[in-house]
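The values are calculated or read from the model by the stated rules, or taken from the named source; none is laboratory data. Just so you know, these numbers come straight off a predicted model, no measurement behind them. Cβ: placed from backbone, ideal geometry, glycine included. Neighbour counts: every protein chain shown.
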Amino acid sequence: MANAQPVRTSAQSELTAGYYFMLGRHLETTGDIEGAIAAHKRAIELAPDSAEVRAELAGLYARQDRAREAVRTAEDALRIDPSNREGNRILGSVYAAFAEQSRAIVAGDDPATYASRAIAALEKARRDGVFDIGLDLMLGRLYLHSGNTAAAIPALKRVVEDQPGYPEAAMQLSAALEQAGQLDQAVRTLEGFLQANPGFSRGRVRLAELYEKQHRYAEAAGAYAQAQAADPRADTTTGRAAALINAGKPDEARVLLQAALARTPSGDPALLYLLGQAQRQLRDLPGAAATAQKLASAFPGDPRSLYLQAQVLQDKGAKVEALAAFKKLMAAAPDETSFVYEYANLLDETGHPAEAERALRDLIVRDPEDADALNSLGYMLAVRGERLDEAVELLKRALKVDPANPSYLDSLGWAYYRQGRLDLAEAPLAKAAAELPQSSAVQAHLGDLRFKQQRYADAAAAWERAVSGDGRSFDRAAVEKKLHDVRARIRK
């Protein structure tokens, strides 16, 4: 008769499972991955009701990029104990990684569902009242990518406060704040981070982009310059030059662009296009025309050469020729909507108002939130003095999309002015003029408002700025006559 085997107690079984659990961890640290997997599987055999040992094996699979096995094993652990934190952490982490890559873990899966699955699992992995930087950062990113900025912002703030030198957290928090419409806070977040970490070039570029959204173009140009100084490999010339042009500093932009082109013997279409824009702003129309021709010769398929040529013709007052050039441009780039705004304006100026309006309304039908189209049509109606109530509504819609845009503010103020609602015109026109001091058109509008308000000295000052400004989109002779008349009135 064989010797009877002693009956194992539950405690003895768990102890043995614990041994293999620890052995698996040890073997993983030595690089024996298959041995570690075998040890964890043995632990599972000995403790089949333990969620913890399954979660440990799931973590090992995840660290080895064996996503399918990690998910399957984590789900096994959670079937035993749905609240197991490690199982939820592993499952959520794997889903989060594949959600960012838009890759399926298993054939037939929809990666679009992974973010919500990851969030559900990671929220269960949290401990109440306990800060976990890894979890909060992962959840913050998932909330952000899911559009839940209300949840993303506090999670990411905790990470930034705990790790103020961690660039990814600052970038994510800034993005969440921007998405939530808190642009000023987004800027301050990056400014604060960069003050302590001045060498973070990517953060400087992102800050420059945010400054541009605030129409703080001079500061944007400075941020682009600092980004390149921090990392000379990061060529920010085009961004910096565009910001300088928008800031009313075309002379600085021209110097920067000419130096960059001298280093690029084969030429660069973006640099040439921006050089032409700087030359236009400097009223160097022969130079701009030559640059447009050079762009067309070197890069014949680039529609920006046609656009620049059309703009130069318009600047010269050759509106019929400019209209023909724009029509050629529309045929060459029918899907490029950004050219339509000036084309429509030129159509209106050359006696084709119905065609101009139709071109802009077509854009709005395609995209009801096309702020530039809404602004262009609203301003066109305001200039004509037609359907002014509709003009105001169109311009309010444009400002809902981009509330701080000074050009849109000017358009709305001018529509109110044309309605005779001077009290409502005051705030948008004053703000637009303060933000666009070099815009002849905007300063002329403010001058007209000040004259109607009988603030004659202020009207004269605004018209003087208009005359010395960029010279675009305003009637110089008419403004000079107004300026002469108001000066005579002031002297009386």
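THR113 meets all of the listed conditions (1) on the phi > 0 side of the Ramachandran plot; (2) out of contact with any helix residue (DSSP H, G or I) (no Cβ under 8 Å at 6 or more places or on another chain) but one, namely (1). On the basis of being among the hydrophobic types (A, V, I, L, M, F, W, C) and surrounded by 16 or more Cβ atoms within 10 Å (Cβ to Cβ), does ALA478 make the cut? No, not satisfied. Every test in (1) more than 21 Å from ASN345 (Cα to Cα); (2) surrounded by 15 or more Cβ atoms within 10 Å (Cβ to Cβ) is passed by LEU436 save one, and that test is (1). Screening region 19-36 for residues that are in a helix (DSSP H, G or I) and either among the charged types (D, E, K, R) or at pLDDT below 90 (or both) and picking the one that is surrounded by the most Cβ atoms within 10 Å (Cβ to Cβ) gives GLU28.
Taking region 272-315 as the range and being in contact with a helix residue (DSSP H, G or I) (Cβ under 6 Å, 6 or more places away or on another chain), among the hydrophobic types (A, V, I, L, M, F, W, C) and more than 16 Å from LEU256 (Cβ to Cβ) as the test, the residues that pass are LEU285, ALA288, ALA289, ALA292, LEU295, ALA296, PHE299, LEU306, LEU308, ALA310, VAL312, LEU313. Screening region 411-492 for helices (runs of 4 or more DSSP H) wholly inside it with 2 or more residues that are assigned by TED's automatic domain parsing to the domain that holds ARG384 returns the ranges 422-435. When ALA150 is tested against the conditions (1) out of contact with any helix residue (DSSP H, G or I) (no Cβ under 7 Å at 6 or more places or on another chain); (2) under 25 Å from ASP65 (Cβ atoms); (3) at pLDDT 90 or above, the lone failure is (2). Before we move on, is SER93 assigned to a helix (DSSP H, G or I), in contact with a Ser or Thr (Cβ under 8 Å, 6 or more places away or on another chain), more than 18 Å from LYS41 (Cα to Cα) and not β-branched (Val, Ile, Thr)? Criteria not met by SER93.
Please verify whether LEU429 is touching a Phe, Trp or Tyr at 6+ places or on another chain (Cβ under 9 Å), at pLDDT below 95 and surrounded by 22 or more Cβ atoms within 10 Å (Cβ to Cβ), treating the condition exactly as stated. For LEU429, the condition - touching a Phe, Trp or Tyr at 6+ places or on another chain (Cβ under 9 Å), at pLDDT below 95 and surrounded by 22 or more Cβ atoms within 10 Å (Cβ to Cβ) - is not met.
For ALA371, indicate whether it is among the small types (Gly, Ala, Ser) and more than 18 Å from SER473 (Cβ to Cβ). Spell out the reasoning first.
Numbers: among the small types (Gly, Ala, Ser): yes; more than 18 Å from SER473 (Cβ to Cβ): yes.
So ALA371 passes the test.
Search region 97-124 for residues being hydrophobic (A, V, I, L, M, F, W, C) and loosely packed, with under 11 Cβ neighbours inside 10 Å, and hand back the single one that is modelled with the highest pLDDT.
Here is the first cut: in region 97-124, the residues hydrophobic (A, V, I, L, M, F, W, C) are 97-99, 104-107, 112, 115, 118-122.
Of the ones still in play, those that are also loosely packed, with under 11 Cβ neighbours inside 10 Å are 106-107, 112.
Details: VAL106: 89, ALA107: 89, ALA112: 92.
That would be ALA112.
With in contact with a Phe, Trp or Tyr (Cβ under 6 Å, 6 or more places away or on another chain), of a type in the set (Asp, Glu) and surrounded by 15 or more Cβ atoms within 10 Å (Cβ to Cβ) as the only criterion, which of ASP372, ASP410 stands out?
Working: ASP410 fails: in contact with a Phe, Trp or Tyr (Cβ under 6 Å, 6 or more places away or on another chain).
Criteria check complete, one pass: ASP372.
Quick check on region 153-163. Is at least one of its residues polar (S, T, N, Q) and either closer than 22 Å to THR236 by Cα or over 17 Å from the mean Cα position of the chain (by Cα) (or both)? Checking region 153-163: at least one residue is polar (S, T, N, Q) and either closer than 22 Å to THR236 by Cα or over 17 Å from the mean Cα position of the chain (by Cα) (or both). Taken over region 375-395, the criterion of being among the small types (Gly, Ala, Ser) and either surrounded by 18 or more Cβ atoms within 10 Å (Cβ to Cβ) or under 19 Å from the mean Cα position of the chain (by Cα) (or both) is satisfied by SER376, GLY378, ALA382, ALA391. On the basis of being more than 27 Å from GLN309 (Cα to Cα) and either in contact with a Gly (Cβ under 6 Å, 6 or more places away or on another chain) or crowded, with 16+ Cβ neighbours inside 10 Å (or both), does ALA398 make the cut? Yes; evaluated as a whole, the condition is true for this residue.
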